[in-house]
């Protein structure tokens, strides 16, 4: 079976490339870089360092833009303010131009957190070219990532100690007519264990997909750290794709999707049906998990909070632990999303009769859906429905959702 | 255990935000977007569509940059050419400015491929703000992703049919003193099967990490598609992190790493030792796999090609299928990488005596390491060592490595 394919010898000026690289101060091992449109980096001057975190948690951002007239920094730690053209816009910080064409700004003492940011270079949104840590937020946004270590962000980073595993799994959804992808976290020790574990189903928001909680949400790090610290029970975490027309994140498989359902897909109850009919049976058949409501938890943010409400109202005996993040009884009809709230009263009574161990509602004081949560709580109070309410500073943000997961997971399965 | 935390009511101008959004033509469901520095998108004008693929496979790239004087497109399909300042630089294509401040260029009839590209806006490397499909190439580069469908790229995309699973797994490496992460692909049907499967160990290049083959390399799609078509045997694919000082991709865990070893880490044989002593035993203890050399394959690109050579020369009876991509007997001393080639002759004879089923060498005609492959083949020929040589057009690129994996995998375990 062996064969040798002859080939003509050919001279190639390796030394020229090599000299070019080392003259430009790029790391010696750069010569082994796969060429990914990286020609520019090789011919550019000394690399810019950004972001640079100082010992006092001040952070310096830099970008080389000799021809630019204005460079701004925009980050998710900055407040939003009403914009003149309507809506809200994030405030931005100007950078200052140096004689070398490198723009710089130092943000003093940033709180420990996992941040997302970008530059606006003469009005063009530009990820930090010096920072290769990037993240995609669903179908809407990309950003550069900055981790500022400290107590408040300590759960979000991988640490030494036993680790769980994140598995990209495809399963059949007859309900949606799709083969779909989800991410399944199994806790430290799962592979070696003969035990069965309880399961948290964790839902993302509108525009997101099954990658959101493991990237923006740092779910596997939060769970590893909580479990290793004895603060949460070992559990599986199932991160689904909540868009009923989508097989998987669009980066993986646009061709596998069904006809787009648009915003209406949020309210047609199809994802909720597939969660109950397809996802849970798959997990319970294929993983070492405990069954029964006392071993199932469900939570989600925003659209996922709506889906959490819908699923648990329709299936009151299925989950003992329920978390609704950043969502209430909202009227979303202006967005083409028609939610049937008419059955809520009856549904609340049915769920109360099923006596879930925990119904947890979390919302930020500045969340634009805050009023819908007030409405929801008024209705629950009126019907004497037991719940725990957690109000945090801030708005409709991943900062809050990571905090909520960090607080919700320790309350489960105890 | 139930408690209710009271909170003050608070008015929030939801309608202002909502009006702002719909006036600007953003999808209705955008109001549920997590705020990830996305304020700008909301207050911007009608969204720019980029890249736009036409039926004839021409592709239009667009970016809004009203203040820019020059916008260029750089993509990994463009040739590199000697740069005036030394080294090589990728050629670039200028975009043309429209009256609306949107720059445009149409590239006629692109070949089916998975492409990486970026814009240069007045000299600043900018990912396409309209394209949320982005990729990180190790520690060196980020890019926007464009998939052009067609026969040549058909293996790189998820299709309908059974799917394998990709698992992020952490394992102990006593050899390196690290808890490390790797990606393990299990083939379609693995979970339901009682069979044992053979294993391909798949190594990335310098500057990369354990995410490279599943993102840039599309390894899981290539394997799913080959296996489903009956062209490759069902197998596991183990994608390690080849940097001996790194626990996992730097995006996950800089704090877990050991002291940086720099370029020298490529030649200190520590990764190779950990592969043999830590990785393979872990896989064979924890997965349904067949053992023995006839059930093990090893391949890698560039630095991973060097590690493949090193590992198989040092352990001649361990792998029956060996693939060396884009690497030969190179003198890398100018980069501070000292490789001991003095033992090569003896090693080649020992490997020949072990009679591997396949020793496969693949290199691009324009690869800057081409001469090192010529040198290697001359030495192998001199010693009458059996190998298969595959020469392709192009250079040191992920285009080639995806092709090589697509050709290598079908030759294994048959």
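Since every read-out is calculated from the coordinates, none of them should be taken as a lab result. These numbers come from a predicted model, not from an experiment. Using ideal geometry, Cβ is built from the backbone for each residue, glycine included, and neighbour counts are taken over all protein chains shown.
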*Would you please classify the overall shape of region A:281-343 from the alpha carbon gyration tensor, given that a ≥ b ≥ c denote the square roots of the eigenvalues, rounded means a/c under 1.5, and beyond that prolate means a/b larger than b/c while oblate covers the rest?*
prolate
*FRET E, pair residue B:99, residue B:49, Förster distance 25 Å, beta-carbon r, rounded to 0.05*: 0.90
*Which order results if B:414, A:97 are arranged by neighbouring Cβ count within 10 Å, fewest first?*
B:414, A:97
_Label-point gap, in nm, between residue A:286 and residue A:194 - each point 7 angstrom along Cα→Cβ_ = 2.5 nm
*Any idea what diffusion coefficient region B:89-226 gets from Stokes-Einstein, in µm²/s, Kirkwood Rh on alpha carbon pairs, 20 °C, 1.002 mPa s?*
118 µm²/s
*Roughly how crowded by other chains is peptide B:157-163, in terms of the mean Cβ count from those chains within 10 Å of each of its Cβ atoms?*
6
*In angstroms, what radius of gyration and Dmax does region B:359-414 have, counting Cα atoms only?*
12.0, 33
*Theoretical ellipticity at 222 nm over chain A - DSSP helices of four or more residues, -39500 (n - 2.57) apiece, nearest 500*: -6000 deg cm²/dmol
_Highest-first arrangement of A:172-179, B:296-303, A:300-307, A:360-367, where packing means the average Cβ count within 10 Å_ = A:300-307, B:296-303, A:360-367, A:172-179
*Roughly how crowded by other chains is peptide A:165-176, in terms of the mean Cβ count from those chains within 10 Å of each of its Cβ atoms?*
4
*Roughly how large, in nm² to one decimal, is the mean projection of the convex hull of the alpha-carbon atoms in the protein assembly as shown?*
33.1 nm²
*Looking only at B:352, B:218, B:83, which one moves most when chain B is put into a Gaussian network model with springs between Cα atoms under 10 Å?*
B:83
*Can you pull the one-decimal nm distance between simple spin-label points at residue B:70 and residue B:355, each 7 Å off the Cα toward Cβ?*
6.3 nm
_Most fluctuating residue given options A:140, A:61, A:197, as computed from a GNM of chain A linking Cα atoms under 10 Å_ = A:140
_Rg and Dmax in Å for region B:34-149, alpha carbons only: what are they?_
14.8, 46
*Pairwise FRET efficiency - residue A:81 versus residue A:159, Cβ, R0 = 56 Å, nearest 0.05*: 0.90
*Using Cα-only point scatterers and the Debye equation, what is log10 of I(q)/I(0) for region A:214-372 at each q in 0.10, 0.14, 0.15 Å⁻¹, rounded to two decimals?*
-0.40, -0.82, -0.95
*Please state, as a whole number in µm²/s, the translational diffusion coefficient that the Stokes-Einstein equation yields for region B:286-414 at 25 °C and 0.890 mPa s, with Rh defined as the Kirkwood radius across alpha carbon pairs.*
164 µm²/s
_Students often check this: by mean Cβ neighbours within 10 Å, which of B:338-346, B:158-166 ranks highest, and how do the rest follow?_
B:158-166, B:338-346
*Which FRET efficiency value, to the nearest 0.05, is calculated for residue A:172 and residue B:231 with the Förster distance at 30 angstrom and r the Cβ-Cβ distance?*
0.80
*asked:* Using a 10 Å cut-off around each Cβ of peptide B:330-336, what is the average number of partner chain Cβ atoms that fall inside?
replied: 4
*Any idea what the alpha-carbon Rg over 2.2 N^0.38 Å comes to for region A:314-373?*
1.24
*asked:* Please compute the Kirkwood hydrodynamic radius of chain B from all pairs of different C-alpha atoms, in Å with one decimal.
replied: 23.8 Å
